[in-house]
């Protein structure tokens, strides 16, 4: 049996930074389950089904049977156990991410000591990239084309009615 990691997030939308973490995670793990965490309190631009389709399209070139895309609403460590995952994979962009991610990792460890958390630093090219910043930039006409997969760029243009750009 190979090593499996859960890569959780909202992926609203998926960015090139997310893709970078997935590609690099595949060097460490035999399988990565990219998991959209369902958070009813959070207002999302894309539905869960839309995000699943965007992830599938964005990962089609590296899809080799070692990536699975799923969604889950509940405790992440419970999901990791359910899926026989040994680790939770998290990307960190900057020091500002550290406090939150560290707290989450400690809580997950307290809940289940068998599930490890592995942090990968985001590539320098993507250090300033986040889904929320991308949504804000595109909403006001910012050029985010190089920050997201092409299919995501096209869908963002549709969502914000920017098809003339």
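The values are calculated or read from the model by the stated rules, or taken from the named source; none is laboratory data. In this text the structure is predicted, and so the values were computed from the model without any measurement. Cβ placement follows ideal geometry from the backbone for every residue including glycine, while neighbour counts extend to all protein chains displayed.
Can residue 11 be described as surrounded by 17 or more Cβ atoms within 10 Å (Cβ to Cβ), at positive phi, at pLDDT 90 or above and not in a helix (DSSP H, G or I)?
For residue 11, the condition - surrounded by 17 or more Cβ atoms within 10 Å (Cβ to Cβ), at positive phi, at pLDDT 90 or above and not in a helix (DSSP H, G or I) - is met.
Just checking, which of 84, 99 is at pLDDT 90 or above and farther than 19 Å from residue 19 by Cβ? Let's see the steps before the verdict.
Numbers: 99 fails: at pLDDT 90 or above.
One residue alone meets the criteria, 84.
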Qualifying residues in the range 43-60 (those that are assigned to a loop (DSSP other than H, G, I, E, B) and free of Cβ contacts under 8 Å to residues at least 40 places away in the same chain) - the one surrounded by the fewest Cβ atoms within 10 Å (Cβ to Cβ): 43
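Among the residues of the range 60-68, is any touching a strand residue (DSSP E or B) at 6+ places or on another chain (Cβ under 9 Å) and on the phi > 0 side of the Ramachandran plot? Let's see the steps before the verdict.
Restricting attention to the range 60-68, the residues satisfying the condition of being touching a strand residue (DSSP E or B) at 6+ places or on another chain (Cβ under 9 Å) are 65-68.
From the residues that got through so far, the ones that are on the phi > 0 side of the Ramachandran plot too are 65.
Scanning the range 60-68, I find at least one residue that is touching a strand residue (DSSP E or B) at 6+ places or on another chain (Cβ under 9 Å) and on the phi > 0 side of the Ramachandran plot, so the answer is yes.
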Scope the range 80-104; condition under 15 Å from residue 5 (Cα atoms) and more than 16 Å from the chain's Cα centre (by Cα); matching residues: 81, 82, 83, 84, 85, 86
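Kindly indicate whether residue 2 is out of contact with any helix residue (DSSP H, G or I) (no Cβ under 6 Å at 6 or more places or on another chain) and without any contact (Cβ under 8 Å) to a residue 40 or more places away in the chain. So that I can check it myself, show each step before the final result.
Working: out of contact with any helix residue (DSSP H, G or I) (no Cβ under 6 Å at 6 or more places or on another chain): yes; without any contact (Cβ under 8 Å) to a residue 40 or more places away in the chain: yes.
So residue 2 passes the test.
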Search result, residues across the range 32-42 that are within 15 Å of the chain's Cα centre (by Cα) and surrounded by fewer than 19 Cβ atoms within 10 Å (Cβ to Cβ): 37, 38, 39
